[in-house]
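Contents: one structure, followed by commentary.
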Amino acid sequence: MKNSAIITLNGTITEVDGELETFEFVTEGVIYEKDNKIYISYEENESAGWENVKTLIKLLPDKIILSRTHGINMEMVFIEGTHTTSYYETPLGGLTIGVDTSVSKYQICDDGRQIDIHIKYNSDFNGKTATQHEMRYRVRRN
């Protein structure tokens, strides 16, 4: 059964030169379970810079998968302590991104009414570290 949810994302992006960008994003979305996996779905808005982009987060016991569609197409796989490769397709072309995940975990709280997600990773382009990302999601069932 699908439940509506309030999704809060707090994040930081640190550039190689040390420049730090922080952001917060709050939106409504949907949370549901299927085949023993938890799915969280929401639509990005203008404040996130990706208007009408649909985001799907899939929580599995050993990894977190984040996919985006509509305007861009990408899927990033976060496995703690592992380097993965993702392809990011935009209307201007595509590029390959390396993802070196140091933190990929989630916790179900408040008798299942809330899920806290923590992802921390370095991204690289052509083998050179580009940015460090940290994202903390709080998903609260309505």
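No value in this document is a laboratory result; all are computed from the given coordinates. As the structure is a prediction and not an experimental result, all values here were calculated from the model. All Cβ positions, glycine included, derive from the backbone under ideal geometry; neighbour counts span all protein chains shown.
Per-structure values
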item: Computed over segment 50-127: relative contact order in percent, which uses C-alpha pairs under 8 Å that are six or more apart; result: 21 percent
item: Charge context of Glu134, other residues only, Cβ under 15 angstrom, K/R +1, D/E -1; result: -3
item: Centroid-to-centroid separation of segment 1-36 and segment 76-142 [C-alpha atoms, Å]; result: 10 Å
item: The chain, relative contact order [Cα under 8 Å, separation at least 6], %; result: 22 percent
item: Unit charges on C-beta of K, R, D, E only; dipole of the chain, Debye; result: 580 debye
item: Cut-off 15 Å between beta-carbons: net charge of the residues surrounding Thr69, Lys and Arg +1, Asp and Glu -1; result: -2
item: Matching label, Cα Rg over 2.2 N^0.38 Å computed from the structure shown, candidates (1) 1.12; (2) 1.03; (3) 2.19; result: (2)
item: Residues of type aspartates and glutamates that Lys128 reaches as a straight line, Cα spacing below 19 Å, ignoring anything fewer than 8 places off in the same chain; result: Glu15, Asp17, Glu19, Asp100
item: Charge sum, other residues only, whose C-beta stays under 13 Å from Glu80's C-beta, Lys/Arg counted +1 and Asp/Glu -1; result: +1
